Amino acid sequence: MEGDDKFKLAPHPKLPKGKKLMLIILDGWGEQIPDEFNAIHRAQTPIMDYLKTTAPEKWRLLKAHGAAVGLPTEEDMGNSEVGHNALGAGRIFKQGASLVDTSLESGAIYEGDGFKYVKQALPNGTLHLIGLLSDGGVHSRMDQLQMLLKGSAKQGFKRIRVHVLTDGRDVADGSSLKFVQMLEDTLGELRQDGCDAQIASGGGRMRVIMDRYENDWNVVKNGWDAQVLGEAPHRFTSCLEALKKLKEDDPGLNDQYYPPFVIVDESGKPVGPILDGDAVVTFNFRADRMVMLAKALDHEDFDKFDRVRYPKIYYAGMLLYDAELNLPTHYLVSPPQISETSGEYLVHNGIKSWVCSETVKFGHVTFVWNGNRSGQFSDTLEKYVQIPSDQGISFDKNPEMKAIAIAEKAAEAFRSGEWDQVRVNIANGDMVGHTGNLEATIVGCTATDKAIKIMLDTVEEVGGVFMITADHGNAEDMVKRNPKTGAPIKDKQGNYQILTSHTCAPVPIAIGGPGLPKGVQFRQDLPNAGLANVASTFINLHGFEAPADYEPTLIEIVD
Ligand SMILES: O=C(O)[C@@H](CO)OP(=O)(O)O
Ligand SMILES: [Mn+2]
Ligand SMILES: [Mn+2]
């Protein structure tokens with residue numbers, strides 16, 4: 001591995017090699033006004049508070065949303081995928097959301113091989129569109145779906161079926177009604193133009209299809225049964241009716257957790273199972289929660305659940321979801337090409353990394369960190385350790401999650417002296433924050449700080465260096481606010497409207513530890529720095545100059 005010239009880094013003129021670095025990524029941990037809806041502020045976080053208040057030259061904020069992470073607008077909140085891409089790659093790449101926008105606006109999407117393949121279902125095949133119905137911009141966007149629907153009808157599809165996944169995670173709970181109505185309006189327009197366009201099935205994203213990292217294949221099976229086979233525990237004649245009835249029966253039900261349902265005609269027949277000769281497009285641009293379905297749709301050999309029927313279809317993803325696996329084989333838009341990431345540089349310069357998270361974030365701190373590349377760059381210089389996440393519960397039921405277990409393993413790896421970089425992702429702020437349960441999120445953030453203490457105690461003991469940052473905001477704001485005044489918003493019943501989503505808040509970064517060379521501090525001349533500036537910074541702390549095309553380092557050395 002060592003010796004590949006392209007990846008050889010120059011020694012840093014001032015910073016020594018051989019430092020041991022503990023690199024901690026807090027998932028969903030932003031900086032916001034410290035009010036009662038700020039779960040981080042409400043939590044016991046003595047370590048994070050200490051870092052902020054005692055060493056201001058080693059603590060600062062970073063941009064983690066919008067253009068700083070390659071998203072189309074400054075209104076776009078950050079997310080794990082774009083955040084970890086920027087952290088690991090040290091550069092800003094236009095992300096899936098932007099690339100799909102451009103391709104739809106120019107019409108290039110219909111000229112590409114992917115859509116040409118899908119069109120092979122013409123003249124008789126139905127086009128099925130499967131994805132998240134939301135304007136969150138994290139996995140998909142409503143306006144993109146509407147454009148794709150209209151464009152597909154123009155391209156000749158006379159029969160279209162949409163299989164909706166309701167959100168309530170990137171957008172407010174209850175908003176699925178609004179999005180379904182918008183979709184119905186668009187489908188109505190298509191019908192007026194002679195295209196038989198309808199919603200065929202539905203369900204909440206966390207129960208239907210959008211599992212990730214093979215945490216629970218049943219979630220995908222629920223979707224398969226409804227979308228492909230036309231079978232589900234609930235049957236309704238319209239999607240709006242489904243959403244209303246199911247919530248009436250279970251008033252606590254969140255949009256994320258709607259059970260699978262199919263839409264049937266007056267005779268009780270499902271209106272849109274997926275059949276031989278049909279075309280299917282999964283319209284999410286983000287990969288992680290589409291990979292499992294893509295495997296079920298694309299792979300002739302598949303044994304994760306009994307598909308019962310495997311239709312011969314023309315399937316394309318909105319994007320290529322996994323470049324290593326070439327999954328799916330056909331796709332409408334090419335994903336960002338992210339290469340020469342920090343992990344690859346580290347192994348070529350002999351830096352040994354030990355990386356860990358629990359299942360729900362494991363892919364982020366490995367695969368996504370490495371520019372959406374599976375596997376390790378080196379079997380000897382890297383070790384990736386996954387701690388199984390709790391299964392089958394929403395994370396407010398056990399808000400401590402695996403934070404302490406990850407910290408203890410990381411401490412052990414650090415103490416062994418075998419690794420130059422020990423990198424972890426602590427998931428609580430994000431995963432518990434998404435449940436919208438403020439009290440549980442407070443508990444999750446307290447657990448996060450305890451985990452940080454375990455890791456920093458080890459850094460202290462061994463004489464190492466630490467860097468703590470986050471990938472985007474979430475837990476620091478748990479209420480919907482008036483965009484102009486910032487005042488919390490109440491609903492008609494007078495209850496505060498819960499915010500389950502990520503935010504546009506900046507995230508903290510702190511450095512320190514007994515091994516941090518004297519005089520190292522944050523530069524003052526990069527007020528707009530973001531997550532993409534982090535990689536150069538830790539490469540410096542390992543004793544190397546950062547690659548020339550990386551965003552500039554955050555640190556300077558004062559005498
Ligand atoms: O859960 C997810 O899929 C997203 C929110 O939609 O969160 P994150 O980017 O933190 O993975
Ligand atoms: Mn995240
Ligand atoms: Mn999240």
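The values are calculated or read from the model by the stated rules, or taken from the named source; none is laboratory data. Please read all numbers here as calculations on a predicted model, not as lab measurements. Here the Cβ positions follow ideal geometry from the backbone for every residue, glycine too, while neighbour counts run over all protein chains shown.
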Checklist line | Conditions (1) assigned to a helix (DSSP H, G or I); (2) in contact with a helix residue (DSSP H, G or I) (Cβ under 8 Å, 6 or more places away or on another chain): number failed by residue 72 | finding: (1)
Note to self: When you check residue 29 against the structure, is it closer than 18 Å to residue 553 by Cβ and either within 16 Å of ligand 1 (Cβ to nearest atom) or not charged (D, E, K, R) (or both), yes or no?
What the structure shows: no
Checklist line | Matching residues in segment 153-176 - criterion: being part of a loop (DSSP other than H, G, I, E, B), closer than 16 Å to residue 192 by Cα and touching a residue at least 60 places away in the same chain (Cβ under 8 Å) | finding: 157
Next item on the list: Can you confirm whether segment 444-466 contains a residue that is within 16 Å of ligand 1 (Cβ to nearest atom) and not hydroxyl-bearing (Ser, Thr, Tyr)?
Entry: yes
Next item on the list: Return the total of residues in segment 352-371 being hydrophobic (A, V, I, L, M, F, W, C), more than 13 Å from ligand 3 (Cβ to nearest atom) and within 19 Å of residue 451 (Cα to Cα).
Entry: 5
Next item on the list: State whether one or more residues within segment 45-61 are in contact (Cβ under 8 Å) with a residue 12 or more places away in the chain, over 20 Å from residue 319 (Cα atoms) and within 16 Å of ligand 2 (Cβ to nearest atom).
Entry: no
Item checked: Residues that are in a helix (DSSP H, G or I) and within 16 Å of ligand 1 (Cβ to nearest atom), drawn from segment 120-144 -> 142, 144
Margin query: Given the criterion assigned by TED's automatic domain parsing to the domain that holds residue 552, within 16 Å of ligand 2 (Cβ to nearest atom) and either under 30 Å from residue 551 (Cβ atoms) or loosely packed, with under 12 Cβ neighbours inside 10 Å (or both), identify the matching residue among 510, 505, 487.
Written below: 505
